[in-house]
Every structure is written in C-alpha cells, then in structure tokens.
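Below is one structure; the comments refer to it alone.
The values are calculated or read from the model by the stated rules, or taken from the named source; none is laboratory data. Every value quoted in this text rests on a predicted model; they were computed, and no experiment measured them. Don't worry about glycine lacking a Cβ; one is built from the backbone with ideal geometry, like all the others, and counts go over all protein chains shown. Only protein heavy atoms, including side chains, enter the accessible area calculation; ligands, DNA and RNA are left aside. Shrake-Rupley method; radii C 1.70, N 1.55, O 1.52, S 1.80 Å.
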Amino acid sequence: MVFLIFQCTQCGECCRNIGVLDIMSDLDDGRGVCRYLVGNRCSIYINRPIRCRVDECYDLYYKDVYSRDEFYRMNYDICKMLKDKKNVSG
C-alpha cells in the first residue's frame, strides 16, 4: 500500500504521550501531554513545529533513510500501539 499523505485520525494519543521523547520536552505540560492539546485537537495546528508534521518531517529529515511508505507505516504502527495502550488502561 502506498500512502501519498499521512492520514491522521485526530485521536490526540500522540500528543498525550510526548513525555517519553526528549525532542518534545519543550512542549510537555509536565504530565507528558503536549501543552497545546485541547481535547483531541492542536490549538496551534497551523503553526505547530515541523517535528509534529509527519509529511514535512519526512521530507526534511527522513527521505534518505526510509521510503515514504515505510515512514508512514512506522507512524501508523506507533499510533495503533498508543490507541491499544489507551484501550487497555482505560
């Protein structure tokens, strides 16, 4: 399957789990949650950092490391893992 653009489900789970990533520490509200997350939405979506933009992040940093499909698949796998973790822990 080839993806042309990352298909985010806007569940907010990636933004609720940034505490484990040093690269996101400046966005952490102290609970491991992005300080810009309101409900399931990013309150600075239009101006969010590049590291929060899957497509642009791929183009700038990962295009020589992974195919776009591989990079998206890794992101989808992490997304699924975070959703599964939420469903197990409630």
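Of note:
- Relative contact order (%) - criterion: Cα under 8 Å, at least six apart; region: the chain: 28 percent
- The order of 72, 66 by accessible area, most exposed first and with a 1.4 Å probe, is 66, 72.
- Area of residue 5 that stays accessible when all protein chains are in place (1.4 Å probe, Å², to 10): 90 Å²
- Looking at the chain, none of the GluC sites (Glu not before Pro) sits in a DSSP loop with at most 16 other Cβ atoms within 10 Å of its own Cβ.
- Percent carbon-and-sulfur accessible area, the chain, ignoring ligands, DNA and RNA, probe 1.4 Å: 56 percent
- For residue 63, the lysines whose Cα falls under 23 Å of its own Cα, not counting residues fewer than eight places away in the same chain, are 80.
- Compared with the dominant Cα axis of the chain, that is its longest principal axis, helix 68-89 is turned about 30°.
- Free-standing Cys residues across the chain, given no other cysteine C-beta under 4.7 angstrom: 8, 11, 14, 42, 52, 57, 79
- Of the trypsin sites (Lys or Arg not before Pro) found in the chain, those in coil by DSSP whose Cβ has at most 13 other Cβ atoms within 10 Å are 31, 63.
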